[in-house]
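> Have a look at this one before I ask anything.
The values are calculated or read from the model by the stated rules, or taken from the named source; none is laboratory data. On a predicted model such as this, the values are computed, not experimentally measured, just so you know. We place every Cβ from the backbone using ideal geometry, glycine too, and count neighbours over all the protein chains shown. To get the accessible areas, we keep the full protein, side chains included, count just its heavy atoms, and leave off ligands, DNA and RNA. Shrake-Rupley method; radii C 1.70, N 1.55, O 1.52, S 1.80 Å.
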Amino acid sequence: MHLIETRSLCHAYSTSTEDVLKNIHFVADERQRIAVLGPNGAGKSTLFRHFNGILFPKSGEVLIRGEPITKANLSEVRRFVGLVFQNPDDQVFSPTVEQDIAFGPYNLGLDADCVAERVDRVCEMLGLEGLRSRAPHHLSGGEKKRVAIAGVLAMEPQVMVLDEPTAGLDPQGVKELFGFLNDLPNSCGVTVIYSTHQVELVPEMADLVYVMERGEITGAGTPEEIFLQE
Ligand code: ADP
Ligand code: ADP
């Protein structure tokens, strides 16, 4: 049984008749690092939004641990699959960084000690200790992005999905973030799925690569298989 599996997934937005996802077969297993590559508009964000039930298929299936996503299991699915949006302003909204990170765990119904412990841990992992009492909307883009990632990580999902996590970061920020993401499968047993335009870093950052173009998966394999073909 796969952590995430899509079968013949098709999606169309109501504003257009054309399918923006066409017959997508995608599989994610435990502790994998999966890169999804492709030009803007290829459908990466749309695919990611199916992984935790923000969007539902027009046809085909999205299976989480073998089960389709339904209204009844939606909150469980969202605990299992954490999605970090491309734009942290869509995700970061509390008065302080630590409140923002605590928001998700509190909503899981955890007690205050447990929430505090998780906030401490993810702040340390993402180097946010010095920013805890700051207002998120006054932080730099890269700092905000780390806060958004910390907030999702504090929910302790089994799968972390990140939509262009390195967009807008400087080269040092990209290196640090990729270093952090690269360790997650080993340090936390988490499967990491991300989209990026930072193709040159993917060979050391992925076990599996999917290439998307115009709503279709046009390549899938190990980095060696994908990059030697091209
Ligand atoms: P990308 O991953 O290509 O940068 P984004 O996720 O930033 O794409 O997409 C831009 C956002 O603008 C989308 O999240 C979506 O909400 C919105 N958007 C994109 N295209 C359209 C469209 N044709 N009609 C309405 N909203 C759109
Ligand atoms: P990517 O993440 O690969 O850049 P997206 O999934 O954001 O691609 O977009 C795929 C296609 O769907 C694009 O043509 C985009 O314009 C369209 N799209 C994205 N979001 C929306 C939306 N909210 N409403 C309508 N069309 C959208």
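> Would you mind finding the one in Arg79, Arg65, Arg33 that is among the basic types (Lys, Arg) and either within 16 Å of ligand 1 (Cβ to nearest atom) or open to solvent by less than 50 Å² (accessible area, probe 1.4 Å) (or both)?
Arg33
> What's the number of the condition Tyr106 fails, among (1) within 16 Å of ligand 1 (Cβ to nearest atom); (2) open to solvent by 60 Å² or more (accessible area, probe 1.4 Å); (3) hydroxyl-bearing (Ser, Thr, Tyr)?
Of everything listed in (1) within 16 Å of ligand 1 (Cβ to nearest atom); (2) open to solvent by 60 Å² or more (accessible area, probe 1.4 Å); (3) hydroxyl-bearing (Ser, Thr, Tyr), Tyr106 misses just condition (1).
Per-residue answers, yes or no, for (1) touching a Ser or Thr at 6+ places or on another chain (Cβ under 6 Å); (2) charged (D, E, K, R):
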position: Gln32; (1), (2): yes, no
position: Asn40; (1), (2): no, no
position: Thr46; (1), (2): no, no
position: Glu67; (1), (2): no, yes
position: Gly82; (1), (2): no, no
position: Gln91; (1), (2): no, no
position: Ala102; (1), (2): no, no
position: Asp113; (1), (2): no, yes
position: Val122; (1), (2): no, no
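> Those residues that are within 14 Å of ligand 2 (Cβ to nearest atom), in contact (Cβ under 8 Å) with a residue 40 or more places away in the chain and surrounded by fewer than 19 Cβ atoms within 10 Å (Cβ to Cβ), I need them from the stretch 1-17; list them, please.
Selection gives Cys10, Ala12.
> Within the stretch 42-52, track down each residue that is more than 6 Å from ligand 2 (Cβ to nearest atom) and crowded, with 21+ Cβ neighbours inside 10 Å.
Across the stretch 42-52, the qualifying residues are Leu47, Phe48, His50, Phe51, Asn52.
> Another question, then. If you go through the stretch 90-103 one residue at a time, do you hit one that is of a type in the set (Val, Ile, Thr), modelled with pLDDT under 95, more than 16 Å from ligand 2 (Cβ to nearest atom) and assigned to a loop (DSSP other than H, G, I, E, B)?
Within the stretch 90-103, one or more residues are of a type in the set (Val, Ile, Thr), modelled with pLDDT under 95, more than 16 Å from ligand 2 (Cβ to nearest atom) and assigned to a loop (DSSP other than H, G, I, E, B).
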